[in-house]
Amino acid sequence: MKRLFGILISFSLVLSMGCYYLSSDPSYIPTYSPNENSKLVGFKPGLEPAGFNGVKWETNVSTLSEMKLYSQESSHGGINFYLRAGDGYKLKSGKLIPIYYGFWRDKFYVGVVKTEKVSDWEALKESVFEKYGVGAKPFSNQEEYLWIGKDATMALRYDKYSKAGTYYIRSHTLEKQMN
């Protein structure tokens, strides 16, 4: 049963985020070993996000005048990513890391923070753990954590090869509409 749970989480993550890496080495293929001891982790009562950084799920991008188009991702179901001027995820050091706001059919679907330095990754991980606790660790050989709630999935992962970290929260309601 635990093995099946690990496989299902692995499959879900691959489907939801896709398999892409920032590596310049095309021969690099990460391997994922299911963590047999992983247990599903939800959000503490009252802490499940209803959006990201003040933007509620399904908010129409046209109501947020400060958003500027950053990229269009046709490979992820047509999600457009935006940046908000002067906005960012604030680390304890005071450093701001850009937040990428993803909109599907102009509705807010996902918030993403990416790090490029190990020190920023460690600070981001500490901040997330402090607020939400340690998530499920579905893979024994990867630094990746997962929280699943009633209407939000949150993940925190670090790719030791590219030294890049990713933190995201996405809406289940919009994800179901996308499929």
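Quick notes on this structure:
- Candidate set: the stretch 134-148, residues that are of a type in the set (Gly, Ala, Ser) and buried (at least 18 other Cβ atoms within 10 Å of the Cβ); chosen: the one nearest to Asn53 (Cα to Cα): Gly135
- Residue within the stretch 98-115 that is of a type in the set (S, T, N, Q) and loosely packed, with under 13 Cβ neighbours inside 10 Å present: no
Yes/no per residue for (1) of a type in the set (Phe, Trp, Tyr); (2) assigned to a loop (DSSP other than H, G, I, E, B); (3) closer than 22 Å to Gly42 by Cα:
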position: Leu69; (1), (2), (3): no, no, no
position: Gly86; (1), (2), (3): no, yes, no
position: Tyr101; (1), (2), (3): yes, no, no
position: Val110; (1), (2), (3): no, no, yes
position: Val128; (1), (2), (3): no, no, yes
position: Tyr158; (1), (2), (3): yes, no, yes
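- Flag for Ala123 being among the small types (Gly, Ala, Ser) and part of a strand (DSSP E or B): no
- Test: residue in the stretch 85-98 that is in contact with a Phe, Trp or Tyr (Cβ under 6 Å, 6 or more places away or on another chain) and closer than 16 Å to Gly165 by Cα: yes
- Restricting attention to the stretch 46-75, the residues that are of a type in the set (D, E, K, R), under 30 Å from Glu130 (Cα atoms), at pLDDT below 95 and surrounded by 11 or more Cβ atoms within 10 Å (Cβ to Cβ) add up to 1.
- Some residue of the stretch 34-45 being among the small types (Gly, Ala, Ser) and at pLDDT below 95: yes
The values are calculated or read from the model by the stated rules, or taken from the named source; none is laboratory data. Note that this is a predicted model, so its numbers are computed, not measured. Note: ideal-geometry Cβ built from the backbone for every residue, glycine included; neighbour counts use all protein chains shown.
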